[in-house]
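Below is one structure, written out as structure tokens; the observations come after it.
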Amino acid sequence: MYKRYIILFSFFMSSIFAIMAQSIDNNEDLINLGIIPAPNNIFLKNENSDINTVNIFINNEVDINFFQQLFKETKGITLVKKESSNVHLLHFAELEKEGYRLDIQQNKIEISTSSPTGLQYALVSLTQLVQHHGFPLPQVIIEDSPKFAYRGMHLDVARHFFKVSDVKKYLDYMAYYKFNNFHWHLTDDQGWRIEIKKYPKLQEVAAYRKETLIGHYNDQPHQYDGQRYGAFYTQDEIQEIVAYAAARNINVIPEIEMPGHAQAALSAYPELGCENKQYEAATKWGIFEDVFCPNEVTFKFLEDVIDEVVTLFPGKYIHVGGDECPKEAWKKSAFCQELIKKENLKDEHGLQSYFIQRMEKYINAKGKQIIGWDEILEGGLAPNATVMSWRGIQGGMEAARQNHDVIMTPGTHCYFDHYQSDSADEPIAIGGLTTLEKVYGWEPIPETLELEKRIYILGGQSNLWSEYVKEYAGVEYMVYARGIAMAEALWSRQKDFSKFLNRYENHNDYWKNRGANMAFHVYDLIPKIKAGEGKPISVSFDMPQNYTLNYFHKDRGSIILFQKDPIVIKTSGNHTFRATKGNKEGRPLKIDFDLHKGTTASIQLKNNPAKQYSGNGSGSIINGVKGNDNKYGGSEWLGFAGSDCIATLDFGNITELNEITFRFFKGEGQWIYLPKNIEILTSNDGIDFKSIHKISDISTKTKIATISQSFKNLQTRYLKFSIANYGEIPTGKQGAGHKAWLFVDEVVIR
Ligand code: ACM
């Protein structure tokens, strides 16, 4: 009783002080505290403290090993006996579980928390303050708690395996940024990675694949390394990791994929499939038609697996996957068709829903809740399921509207297997472009979601799928930079990217000094090339404040441009740009401009490209710059989801055309197909168009198709081309039954 009053009194006093002190929520000084994620309230008193070393006694509420390691790397923090501590740990029950209050006074520091989690977060913030701000510490009060309750990071260990010590590194990283859920993707087509004692062939057979695809899936023909690959975690190791995570207040969510992504399991126990055949663990990436058959043998198997899984993972959730389950095997199976009738289901989607609902019942009976990817909405949502929305935000919105909990993880902002820079030097990745800035700016709650449904959005998560990440250094490269931005997107209520960048640079240096393989792209320039408006093309760059743009041109030499006005490009050839700040500089960006006749035309597109593949607008396909030969994300390629690319160009007056050349990207593994045909039309009034040529039989042996057509004495003001989307993806291919993507860039007109 006595103690509680003292604490309450001191809390009250400092709150009064806080009101009088300067609030710096949005002040430049916030940067210099160096804490990520940025705390939600900072009250800076006017003077520095006299504290030049932090002597701390920490009780067994937090993990001593974690902090011992952290303090060892932090000059100025020492673990001491209680009597010598200048940090006072106070308990204040009214604070939120994850909240904390850090009060740095003239000669001492007070930390108030209501739980071990809050205490851990307060100590991490204090450590970061010492690391990234340094002594003397400012006199400051930080009152902090997270914006979202669920702050997750996912790791796929099925495509490539990461050993126990690496998973622990991942958890340490998560703890440093106050993430609280580790989603562990343990089973997939290419390997089963969790020991299940009742099914030893999962360890002997399903944990291994014969060999692995070399290079990118889109490289044709596919080549393999001929080396058996595999590994699994023993149950002892799983328990070790779960305990390690728990010591850092991180919950572990195991994912056992069903009914799709099951080929590795089928290779060990073929009776779990619908066909009477020998299955093999997949040796390449993608979606496979061999899935669990919803028969009693399968349910018994999965229930037995769950029985062991629930003993290993004390958390509330079991993730059951549910994504990307082709229905071909079920369509062909007499057993499945019979089951659809017997259970009065509508179709195979109903069967998927039946599958998930039946497993949910079993898992709920064990006192656990299921999470599934957003496909579990199809055919009817299981009654208590939490939905992980990955194919965009629609699934999450729909689930929230049905009053289900949602974790947002849309591919556009949360997939860290995407490229993070447009630079040609990046290590091979699956595709897309998800920059640091894009991750930072992400808001997990969609603006269009009704206010009363927003409570169902628990938070968000980054995902790292490991098809193209073989070693832990690759995990560091893909995750550690963008994870820092994600931490802030999920924790901080106020965000400002340019202020964040200053803190981020310190954190980047911190991890680099610890030997992490950091990706660092903040000085990489992303060009905005303006074209398609009937004017000469120009280029500009969105650069953070305080950066200087350096421009090198073969005729004009090196020019430093302080203003950010667009630069009009008047000559073909290489133009080079580089951002600098002080003595720091980014990688040079070399753009090869080809000022063909299309670059000064205006353009109208009948169908818009998909939002995430819309380059710098419709002018991107006539801006004089060719899209990257190896990747289709970024600012050049326009991607049309199932639709045609129909463009009308106006040259302003009658113009002689001699040749038109089209470029298309082919990546059938990612549902990107060459067009069926192209029709070229001309007009002098922009109303009546005459078809002058049709191109079909479009093919390529590489990822890029270049198709040219010459003309003789063609005079026209308007040029229209209609590029027909491939249409439905054929059976047997990745994405069969879905509409193909069409990727176009650059249309060169001479
Ligand atoms: C997923 O990326 N297939 C969930």
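The values are calculated or read from the model by the stated rules, or taken from the named source; none is laboratory data. Values in this document were obtained by computation on a predicted structure and should not be read as measured data. As a convention, Cβ positions derive from the backbone with ideal geometry for all residues, glycine included, and neighbour counts pool all protein chains shown.
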For the stretch 466-478, name all the residues that are among the hydrophobic types (A, V, I, L, M, F, W, C) and part of a helix (DSSP H, G or I).
Ala473, Val475, Met478
In contact with a Ser or Thr (Cβ under 8 Å, 6 or more places away or on another chain), modelled with pLDDT of 95 or more and closer than 18 Å to Trp184 by Cα: is that true of Ala264 in this structure?
yes
Please state which one of Tyr224, Tyr217 is among the hydroxyl-bearing types (Ser, Thr, Tyr), in contact (Cβ under 8 Å) with a residue 40 or more places away in the chain, closer than 27 Å to Gly735 by Cβ and within 16 Å of the ligand (Cβ to nearest atom).
Tyr217
Just one of the numbered conditions (1) away from the ligand (no atom under 16 Å from the Cβ); (2) buried (at least 17 other Cβ atoms within 10 Å of the Cβ); (3) under 26 Å from Met518 (Cα atoms) is not true of Lys453; which one?
(3)
Out of (1) modelled with pLDDT of 90 or more; (2) over 29 Å from the mean Cα position of the chain (by Cα), the one Ser15 does not meet is (1)
More than 17 Å from Ile306 (Cα to Cα) and either buried (at least 21 other Cβ atoms within 10 Å of the Cβ) or within 16 Å of the ligand (Cβ to nearest atom) (or both): is that true of Ile250 in this structure?
yes
Take Leu464 and decide whether it is surrounded by fewer than 19 Cβ atoms within 10 Å (Cβ to Cβ) and not small (Gly, Ala, Ser).
no
State which residue is modelled with the highest pLDDT when the search covers only the stretch 99-134 and only residues that are in contact with a Gly (Cβ under 6 Å, 6 or more places away or on another chain) and assigned to a loop (DSSP other than H, G, I, E, B).
Gly99
For the stretch 191-212, which positions are in a helix (DSSP H, G or I) and acidic (Asp, Glu)?
Glu204
Working only within the stretch 456-466, note down all residues that are more than 16 Å from the ligand (Cβ to nearest atom) and under 23 Å from Leu171 (Cα atoms).
Leu458, Gly459
Could you tell me whether the stretch 494-507 includes any residue that is outside any helix (DSSP H, G or I), over 15 Å from Phe416 (Cβ atoms), of a type outside the set (S, T, N, Q) and touching a Lys or Arg at 6+ places or on another chain (Cβ under 9 Å)?
no
Return the residue satisfying two criteria in turn: it lies in the stretch 167-205 and is of a type in the set (D, E, K, R) and touching an Asp or Glu at 6+ places or on another chain (Cβ under 9 Å), and of such residues it is surrounded by the most Cβ atoms within 10 Å (Cβ to Cβ).
Asp189
Considering each of Ile363, Ile340 in turn, give the residue that is more than 16 Å from the ligand (Cβ to nearest atom), touching a strand residue (DSSP E or B) at 6+ places or on another chain (Cβ under 9 Å) and not charged (D, E, K, R).
Ile363
May I ask you to verify whether Gln357 is more than 16 Å from the ligand (Cβ to nearest atom), assigned to a helix (DSSP H, G or I) and more than 24 Å from Arg482 (Cβ to Cβ)?
yes
Residue hits (the stretch 696-750; aromatic (Phe, Trp, Tyr), part of a strand (DSSP E or B) and closer than 17 Å to Tyr673 by Cα) are Trp741, Phe743
Looking at this structure, is Phe552 modelled with pLDDT under 90 and either surrounded by 13 or more Cβ atoms within 10 Å (Cβ to Cβ) or in a helix (DSSP H, G or I) (or both)?
yes
Of the residues in the stretch 282-326, those that are free of Cβ contacts under 8 Å to residues at least 40 places away in the same chain and among the basic types (Lys, Arg) come to Lys300
Which of the residues spanning the stretch 135-164 are within 21 Å of Tyr100 (Cβ to Cβ), assigned to a loop (DSSP other than H, G, I, E, B) and not aromatic (Phe, Trp, Tyr)?
Leu137, Ser145, Pro146, Lys147, Ala149
Filter result (over 22 Å from Tyr317 (Cα atoms) and of a type in the set (Val, Ile, Thr)) within the stretch 386-428:
Thr412, Ile428
Only one of these is over 12 Å from the mean Cα position of the chain (by Cα) and within 14 Å of the ligand (Cβ to nearest atom): Val387, Val406, Val469, Val475. Name it.
Val387
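Each row is one residue, and each column tells you yes or no for (1) hydrophobic (A, V, I, L, M, F, W, C); (2) modelled with pLDDT of 90 or more; (3) within 28 Å of Asn684 (Cα to Cα).
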{"site": "Lys581", "(1), (2), (3)": "no, no, no"}
{"site": "Gly586", "(1), (2), (3)": "no, no, no"}
{"site": "Gly619", "(1), (2), (3)": "no, yes, yes"}
{"site": "Gly639", "(1), (2), (3)": "no, yes, no"}
